[in-house]
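The values are calculated or read from the model by the stated rules, or taken from the named source; none is laboratory data. Since we're looking at a predicted model, the values are computed, not measured. Don't worry about glycine lacking a Cβ; one is built from the backbone with ideal geometry, like all the others, and counts go over all protein chains shown. The area values use the complete protein model at the heavy-atom level, side chains included, leaving out ligands, DNA and RNA. Shrake-Rupley method; radii C 1.70, N 1.55, O 1.52, S 1.80 Å.
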Amino acid sequence: MVTTTLIPHSRPYLGQREIAAVSEVIESQEVGQGFRVARFEQSMADYLGLLGGVAVSSGTAALHMALLALGVSEGNEVVMPSYVCAAPWIATTHIGAVPKIVDIDPSTFGIDVEQVKAAITGKTRAIIVPHLFGCSADLAPLQALKIPIIEDCAQTLGAMYHGQPVGSYGHATICSFYATKLLCTGEGGMVLSNNARTVETLHMLREYDEKQFLYPKSFNYKMTDLQAALGLCQLERFPDSLMRRATIAHRYLSELAHLPVGLPFIPQDRTHIFYRFVLKISHPIDESIQRLEGKGIQCRRPVYQPLHRYLGLRGFPHSDHVFSTALSIPIHPSLTDEDVDRIITILQEEFT
Ligand SMILES: *Cc1c(COP(=O)(O)O)cnc(C)c1O
């Protein structure tokens, strides 16, 4: 009898190298924040072509610190899209600032530039720009607004926008190294910047102890060397993992092309690294997810719930539409060719 196991929606890409690296940290007994964290920060900064980075405990912590480092404070406004996880909203409200939520461009799932313009007031201090699923939001017209941009690269690293790395455009850039993200350290995050003063401020905010003064906004947001050792391995393997994602995406793009589903759109001025492979379907989404799971493929809504729906706000037609049509299928680098065959066959059955 053939037993088929469920193909998970996402899975970390961890192996012997990571086991050896973490063991080495344990043997060294230096498990707190040490030289490996500093090395990971420099490697990430080099990867993005930025001056420096400050590793922290999560992507949400990174957003919080980025807002503080840009001087956002109580009563200020921060513009962000509705179609994103809860982290930008939480980080903003955590410091008493006011989230101004706007709709998205449904073709790229990025924040809508015209909507951003309409949301700007005299109190606007920052725009949080998530790059969803592996493709950049439209950065150039946002830069022209002359308001500090925080690039949220939790889902997009290694992609290009106008020939330059995504993550190298903002006043600050944040990453997440959560278990299911592109680089995995279990939990973890980083804020990066090209501005020396911003990097200095971030260092001050992350550590509370053994300082000349008491800084009321500082906290303990540190990453450990155990995590940084993982991060360094993951970054080393990142080109391979991106190549594997590209190979799988290429198969999906060609072998699902004849189905009546919307495939990912890649604007000419950008590249896509396929953190997620998101189809737009016309079938009821929850039923499709359930049926596909019954057939052994775990699919997901790629965003759990848009912010405006949590908050009971109206007037977000694109976020609503995408919420009810977007289906994320497995595309992690641990998928075997046989897994990909099976996923394609089952999607063809489901949607023909
Ligand atoms: C995951 C994620 C975050 C938050 O990162 P955590 O490490 O889970 O706190 C923020 N923004 C986006 C777009 C994400 O996908």
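Overview of values
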{"quantity": "Stretch in the chain that is longest and holds no GluC sites (Glu not before Pro) that DSSP places in a loop and that have at most 15 other beta carbons within 10 Å", "calculated": "211-352"}
{"quantity": "Cβ-derived FRET efficiency at R0 35 Å, GLU207 paired with HIS283, nearest 0.05", "calculated": "0.10"}
{"quantity": "Rel. contact order, % - alpha carbon contacts under 8 angstrom, at least six apart, the chain", "calculated": "24"}
{"quantity": "The stretch 45-154: trypsin sites (Lys or Arg not before Pro) in DSSP coil with no more than 11 other Cβ atoms inside 10 Å", "calculated": "LYS146"}
{"quantity": "Where the stretch 1-50 is the region considered: accessible area per residue in Å², 1.4 Å probe", "calculated": "64"}
{"quantity": "Chymotrypsin sites (Phe, Trp or Tyr not before Pro) within the stretch 184-234: DSSP coil, no more than 15 neighbouring Cβ in 10 Å", "calculated": "PHE213"}
{"quantity": "Whichever aspartates and glutamates have a C-alpha closer than 20 Å to that of LYS217, once near sequence neighbours (fewer than 8 apart) are set aside", "calculated": "GLU74, GLU77, GLU200, GLU207, ASP209"}
{"quantity": "Whole-percent pair-distance distribution, where bins are 20 Å wide, for the alpha carbons of the chain", "calculated": "30, 57, 13, 0"}
{"quantity": "Two-site label geometry, ASN195 and LEU214: point separation in nm, points 7 Å out along Cα→Cβ", "calculated": "2.8"}
{"quantity": "Per-residue SASA entry for PHE265, accessible area with 1.4 Å probe, Å² rounded to 10", "calculated": "110"}
{"quantity": "Separation of alpha-carbon centers, the stretch 285-352 and the stretch 143-157, rounded to whole Å", "calculated": "26"}
{"quantity": "Contour excess over end-to-end distance, with Cα ends at LEU6 and GLN164 and 0.36 nm allotted per residue", "calculated": "53.1 nm"}
{"quantity": "Net charge over other residues, Cβ less than 13 angstrom from the Cβ of ILE346 (K, R count +1; D, E count -1)", "calculated": "-4"}
{"quantity": "Assigned charges on the beta-carbon of Lys, Arg, Asp, Glu; the chain dipole about Cα centre (debye)", "calculated": "580"}
{"quantity": "q = 0.22 Å⁻¹: log10 I(q)/I(0) that the Debye formula gives for the stretch 298-352, counting C-alpha atoms only", "calculated": "-0.86"}
{"quantity": "Solvent-accessible area, 1.4 Å probe, carbon plus sulfur percent, for the chain", "calculated": "53"}
{"quantity": "Helix-only [θ]222 nm of the chain, DSSP H runs n ≥ 4, -39500 (n - 2.57) each, per residue, nearest 500", "calculated": "-12000 deg cm²/dmol"}
{"quantity": "Net charge contributed by nearby residues that have their C-beta within less than 13 Å of GLN33 (K/R +1, D/E -1)", "calculated": "-2"}
{"quantity": "Nearest-0.05 FRET efficiency for ALA38 and HIS94, computed from C-beta distance (R0 25 Å)", "calculated": "0.40"}
{"quantity": "Restraint check, LYS117/LYS280; LYS146/LYS222; LYS123/LYS146, Cα-Cα greater than 22 Å", "calculated": "LYS117/LYS280; LYS146/LYS222"}
{"quantity": "Kirkwood Rh in Å, taken over the stretch 1-155 so that all alpha-carbon pairs contribute", "calculated": "18.0"}
{"quantity": "Cα gyration tensor shape for the stretch 154-206, rounded if a/c is under 1.5, else prolate or oblate", "calculated": "oblate"}
{"quantity": "Once the Cα gyration tensor of the stretch 246-352 is diagonalised, semi-axes √(5λ) in Å", "calculated": "24, 17, 13"}
